[in-house]
Amino acid sequence: MSSETKFLLPEDRIPRAWYNIISDMPEPPAAVLHPGTGQPIGPDDLAPLFPMALIGQEVSAEREIEIPEPVREVYHLWRPAPLFRARRLEQTLDTPAHIYYKYEGVSPSGSHKPNTAVAQAFYNKEEGTKRLITETGAGQWGSSLAFAGNLFGLPVDVYMVRISYDQKPYRRSAMETYGARCVASPSTETESGRAILAETPDSTGSLGIAISEAVEVAAQNDDAKYALGSVLNHVLLHQTVIGLEAIEQMEMAGDDPDVIIGCAGGGSNFAGLAFPFLGQQFRGGRSRRYVAVEPVSCPTMTKGSYAYDFGDTAHLTPLVKMHTLGSGFVPPGFHAGGLRYHGMSPLVSGLVHGGLVEAEAYQQTECFAAGVEFARAEGIIPAPESTHAIKATFEEAARCKQEGVTRTILFNLSGHGHFDMQAYTDYFAGDLTDQPHDEGAMHEALEKLPEVAAG
């Protein structure tokens, strides 16, 4: 084993094609259904929201989809992203495990989100879109799309979940620095936002509500399109640059992961790392464990139902089969805002349901404790979302120590926490508390799942 701890690919090794896991999955994904008719949707149904190139990627079964050269040129600003062997962390944990992390915080906006934001902005610009509308939870996606929209000359409107809008003012400033307009959601600008505020004037908001607002605005304006930062197939596709690079970097390290871990709110950073490795497995390669980690307060995979549901609160989006807590479920206002979504990517959900991916859930304070320990060992302050992957890594490292075995763990450090320091301030002051999962609210929301004949 090399004594190196950092593994960098040359610039010419940026992937030239994204990997589409649908081509290799044991079972094809369930059909996406029209919210009005309940029948499978076609490209024309999605055309008011997305450019045709992205719609084509959403339904594609091709294994490789070429990355346009203008997108690769922008990727050169930060890709290939580094992979690190966490030797100091291994020593701190006194574990025989080999721990590696793929670090996506080197991007301009500090997270993995520009991998798809740049692609979506490019395709929209190519097809004549004049404005992009989106939502954001913690702000990583909003700031990333603002960055990408500015590069391609597209104004961006962002509906930011109210609790994060208040908790993370610097994310808001980052979006505005890139030229985007940021609105707290629920807002008075949309019918869906006004309806929520009429019922709950002090609503903390949710990703489901913010999605409703963004979709409503995009659908009502011919010059605008909607952009989503997670969940959908084409978004996860774009993120596979993470795993494709990691495969080469693990070969450089002379090691091979036994366990692959990522936090999961909508599924994009977990899928970005895990899907290329899963693809190898589906094509006859070695088996590994894959662990998607979520908050106890929003346990979509660990307690939700696997069923057809709406992706938003106002029921404007198509119906997809996924793990869900119910589209009306509003999670408590914990700090990992990127993980406050009632649903999970249909592709990730299908793999969890099929037993190919494991799901784990942890409390907010134990994740922050792991994040602090990681920062003191490795020097990088992680985003609150990423601390969930770190906590799961600690648990796996402890099992290795207890069992006296050496396993190689690879996790995705999906972003830095430089915009989240108020959360760390609250943690050190003892003001950050664990917020229990509201079983009653979940069951009430799940009772309202749409009745669907298909699937």
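Taking the Cβ of residue 100 as the centre, find all other residues whose Cβ is under 9 Å away and add up their charges (Lys, Arg: +1; Asp, Glu: -1).
That works out to +1.
Neighbour counting of Cβ atoms within 10 Å sorts the residues 141, 78, fewest neighbours leading, into 78, 141.
Based on every Cα atom in segment 231-367, Rg and the maximum pairwise Cα distance Dmax equal 15.2, 50 Å. Global size of segment 296-455: 17.3, 53 Å for Rg and Dmax (C-alpha atoms, Rg to one decimal, Dmax whole).
Electrostatic bookkeeping for residue 81 treats Lys and Arg as +1 and Asp and Glu as -1; over the other residues with beta carbon under 13 Å from its beta carbon, the sum is +1. Using the alpha-carbon positions of segment 1-83, Rg (one decimal) and Dmax (whole number) come out as 18.1, 60 Å.
Over the chain, the alpha carbon radius of gyration divided by the compact-protein estimate 2.2 N^0.38 Å works out to 0.90. With the highest mean first, a sort of the peptides 440-451, 290-301 on other beta-carbon atoms found within 10 angstrom per residue produces 290-301, 440-451. Dividing the mean sequence gap of close Cα pairs (under 8 Å, 6+ apart) by how many residues the chain holds gives a relative contact order of 20 percent.
With each label modelled as a point 7 angstrom along the Cα→C-beta vector, the residue 78-residue 5 pair spans 2.2 nm. If you wrap the Cα atoms of segment 111-183 in a convex hull and average its projected area over all directions, you get 4.0 nm². With one equal scatterer per alpha carbon and no solvent term, the Debye-computed log10 I(q)/I(0) for segment 390-444 at 0.20 1/Å reads -0.92. With both labels modelled 7 Å from their Cα along Cα-to-Cβ, the residue 286 to residue 252 distance reads 2.0 nm. Report note on the peptides 350-361, 310-321, 143-154, 61-72: ranked by the mean count of other C-beta atoms within 10 Å, highest first, their order is 143-154, 310-321, 350-361, 61-72. For segment 6-72, applying the loop criterion from DSSP together with a ceiling of 15 other beta carbons within 10 Å to the chymotrypsin sites (Phe, Trp or Tyr not before Pro) yields no site.
Annotation for segment 1-42: trypsin sites (Lys or Arg not before Pro) lying in DSSP loop with at most 14 further Cβ atoms inside 10 Å of their Cβ are 16. Of all beta bridges that DSSP places with both ends in the chain, some 35 percent have antiparallel geometry.
Values quoted throughout were computed directly from the atomic coordinates according to the rules given, and no laboratory measurement underlies them. What you see is a predicted model; the values in this text were computed from it and never measured. Every residue, glycine as well, gets a Cβ built from its backbone with ideal geometry; the counts of neighbours run over all protein chains shown.
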